[in-house]
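Structure first, commentary second.
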There are 2 protein chains.
Amino acid sequence: MRERTAMCADAVTPKTIFDALKLDASGLVAAVVQNDKTGQVLMVGYMNREALEITLRERRACFWSRSRQKLWRKGESSGNVLNVVEVRTDCDNDAILLKCDPVGPTCHTNETSCFYRTVGDDGSLALRGDGVATE
Amino acid sequence: MRERTAMCADAVTPKTIFDALKLDASGLVAAVVQNDKTGQVLMVGYMNREALEITLRERRACFWSRSRQKLWRKGESSGNVLNVVEVRTDCDNDAILLKCDPVGPTCHTNETSCFYRTVGDDGSLALRGDGVATE
């Protein structure tokens with residue numbers, strides 16, 4: 001039974017993430033960035049194949065900027081790069097998790113994490129960040 | 001200066017997440033689920049406005065299933081619901097973070113997290129989950 005499962009798995013399991021990746025209609029997957037040491041979720045970005053290849057090769061997070069429609073090496077202007085410790089994929093291969101060692105704040109507002117606001121039951125927004133957010 | 005910043009913030013800051021939310025072309029935002037106690041990232045789902053309203057009201061995670069094109073109350077068939085402890089939004093209001101107290105495994109494979117496989121530098125996949133994944 002164990003052998004049969006292994007054989008079946010070998011027959012159907014893709015060998016690499018690039019065989020398995022399920023891109024959306026825009027050719028992208030969501031990528032969650034988590035601080036490897038503290039566990040804090042820092043940001044969500046999007047990746048196309050090239051951004052993922054670059055991330056794996058350079059061990060620094062690279063995304064596809066949906067607003068600018070170009071590759072975005074995180075920190076290329078700010079210096080606040082995300083050094084990649086571990087990359088994971090989910091059960092559907094349509095989301096990526098990057099466990100990172102961040103240099104500086106991740107958010108462009110200078111907050112440690114982009115998720116610096118809480119949402120109340122009624123949808124109300126409240127600041128819960130480092131207190132330096134400007135927007 | 002402090003007063004002026006506060007006034008400006010009052011003038012431009014949306015009062016609720018529903019004013020602020022930036023949906024993609026499909027009317028969705030990504031929602032990251034994190035175990036509130038352990039910090040483990042459990043899954044990524046997508047939400048439309050209604051899924052977010054339901055999540056906030058019922059304090060249980062509800063998503064929009066992109067594959068089935070319908071609302072998906074997580075755990076409605078498996079019983080493995082995600083009780084919501086805290087909801088956060090990101091700087092762009094195009095991603096949501098749900099800090100949850102999960103009942104049972106989150107992944108349909110019975111893994112604790114959907115992110116049970118690591119990706120090597122060459123893109124190779126390796127199991128790093130609880131060892132019960134069937135696919």
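What follows draws every value from the coordinates through simple rules; no lab data is involved. Keep in mind that this is a model prediction, so the values were computed, not measured. Glycine also receives a Cβ, built like all others from the backbone with ideal geometry; neighbour counts cover every protein chain displayed.
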Task: Spatially proximal aspartates and glutamates relative to A:Lys70 (Cα-Cα < 19 Å; intrachain offsets below 8 disregarded) - done: A:Asp24, A:Glu50, A:Glu53, A:Glu58, B:Asp24, B:Asp92, B:Asp94
Task: Residue-wise HN-Hα coupling along the range A:73-84, computed from phi with Karplus coefficients 6.51, -1.76, 1.60 (Hz; x: Gly, Pro) - done: 6, 3, x, 4, 9, 7, x, 7, 7, 10, 6, 8
- [ ] Could you tell me what percent of the DSSP beta bridges with both partners in the range A:19-135 are antiparallel, to the nearest 5?
- [x] 80 percent
TODO: Would you mind checking which residues have amide H under 5 Å from A:Val84's amide H? H placed 1.01 Å from N; only 5 or more apart, or other chain.
DONE: A:Arg60, A:Ala61, A:Asp101
Open item on the list: Greater than 25 Å separation of Cα atoms is the criterion. Which listed pairs, A:Lys99/B:Lys99; A:Lys22/B:Lys37; A:Lys37/B:Lys74; A:Lys99/B:Lys15; A:Lys15/B:Lys22, meet it?
Closed with: A:Lys22/B:Lys37; A:Lys37/B:Lys74; A:Lys99/B:Lys15; A:Lys15/B:Lys22
- [ ] Quantify how strongly other chains surround peptide B:106-118 by giving the mean number of their Cβ atoms within 10 Å of each of its Cβ atoms.
- [x] 4
- [ ] Would you mind ranking B:Lys70, A:Lys15, A:Lys74 by Cβ crowding within 10 Å, fewest neighbours first?
- [x] B:Lys70, A:Lys15, A:Lys74
TODO: Give the order of A:Arg57, B:Arg73 when sorted by the count of other beta carbons within 10 angstrom, beginning with the fewest.
DONE: A:Arg57, B:Arg73
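Taking the DSSP beta bridges in the protein assembly as shown as the whole, what percent of them are antiparallel, to the nearest 5?
Details: 50 of 62 bridges.
For the protein assembly as shown, the DSSP antiparallel bridge percentage is about 80.
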Task: Gap separating the Cα centres of the range A:92-125 and the range B:87-135, nearest whole Å - done: 16 Å
- [ ] Pop out the ³J(HN,Hα) list for the range B:87-99 in order, Karplus 6.51 cos²θ - 1.76 cosθ + 1.60 with θ = phi - 60°, rounded to Hz; leave Gly and Pro as x.
- [x] 10, 10, 10, 9, 4, 9, 6, 10, 8, 10, 10, 10, 8
Task: Potential lengthening between B:Arg128 and B:Val85 on full extension [0.36 nm per residue; Cα-Cα distance subtracted] - done: 12.8 nm
